[in-house]
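Working notes, structure below.
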Amino acid sequence: MQTGLPSALAHFNAAPAAELQHALLSCLNSVRWAHRVTAHRPYPDVAALLAASDEAAYDLTAVDLAEALSAESLPALPEGAYTAAHTALSAAHAAYEARFGHVFAICLDDTPPSEFPDRLLAAIRSRLANDPEEERVVAAEELRRLARGRLLELLRCARNRATSHNAPAPGT
């Protein structure tokens, strides 16, 4: 666990429910998921929060999944990506969206940005072979992973805001 996350977790646990649910929707655009994560507070540690997030994501219904997918977009390609990569990804994404009726969701948290184009294209092409139910399961798992990473980032941002508010004023 990173230093400072316990204090961010304390803020997370104490935040007003409406404010927290709004922030959680930026992690996963599912009202049901955000409500469940909020309702199970307080969390004793970050691991418990992540476990609750995972559990709520595993319980997404088809409607919840559609709601979450409606807010997703493909990861941005790194600066300098070739036009051919953009073209290939646009065509693959269009084929995916035509087949499954929603945007392609993928978590690239552990992927170096330089590998995004190849990883995205390979994943879209591979997943185009899935039947709709199989793809629903894969997309839900990718959303769960995205939510987990975004939730950690939300805590890091809260920690950084708290740290900057507590820092001595310049020149003191």
How far is helix 5-14 tilted, in degrees, relative to the longest principal axis of the Cα atoms in the chain, given as a value from 0 to 90 rounded to the nearest 10? 80 degrees
Match the structure shown to one of the listed values [x] 43, 37, 31; [y] 46, 30, 24; [z] 55, 42, 24 of Cα extents along the principal axes in Å, computed from it, and give that label. [z]
Quote to one decimal, in nm, the extra length available between Ala66 and Val31 on full extension: 0.36 nm per residue of separation minus the C-alpha distance between them. 11.4 nm
So, R0 is 35 Å and r is the distance between the beta-carbons of His22 and Ala122; what FRET efficiency does that work out to, to 0.05? 0.50
Most mobile of His35, His102, His86 in a GNM of the chain (Cα contacts under 10 Å): His86
Taking the Cα centre of the chain as origin, work out the dipole magnitude from +1 charges on Lys and Arg Cβ and -1 charges on Asp and Glu Cβ, in debye rounded to 20. 480 debye
At 7 Å along the Cα-to-beta-carbon direction for both Ser73 and Leu50, put a label point, then send me their distance in nm to one decimal. 2.8 nm
Ranked by accessible surface with a 1.4 Å probe, highest first, in what order do Thr83, Thr111, Thr61 come? Thr83, Thr61, Thr111
Extreme residue, positive dipole direction of segment 46-172, given options Gly80, Leu65, Leu108 (C-beta unit charges): Gly80
Search the structure for amide H atoms under 5 Å from the amide H of Leu74, placed 1.01 Å from N in the peptide plane, and list their residues when 5 or more places away or on another chain. none
The chain: calculated mean residue ellipticity at 222 nm from DSSP helix runs of at least 4, using -39500 (n - 2.57): -21500 deg cm²/dmol
With a 1.4 angstrom probe the carbon and sulfur portion of accessible area for the chain, in percent, totals 57 percent
Taking the Cα centre of each part, how many Å lie between segment 99-144 and segment 29-73? 19 Å
From the phi angles alone, apply the Karplus equation (6.51, -1.76, 1.60; θ = phi - 60°) to segment 116-123 and give each ³J(HN,Hα) in whole Hz, x where the residue is Gly or Pro. 3, x, 5, 5, 4, 4, 5, 5
Please compute the per residue accessible area over the chain with all protein chains in place, 1.4 Å probe, rounded to a whole number of Å². 55 Å²
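The values are calculated or read from the model by the stated rules, or taken from the named source; none is laboratory data. Keep in mind it's a predicted model, so treat the numbers as computed, not measured. Glycine gets a Cβ as well: all are built from the backbone with ideal geometry, and neighbour counts include every protein chain shown. Remember, those area values only see protein heavy atoms, side chains included, never the ligands or the DNA or RNA. Shrake-Rupley method; radii C 1.70, N 1.55, O 1.52, S 1.80 Å.
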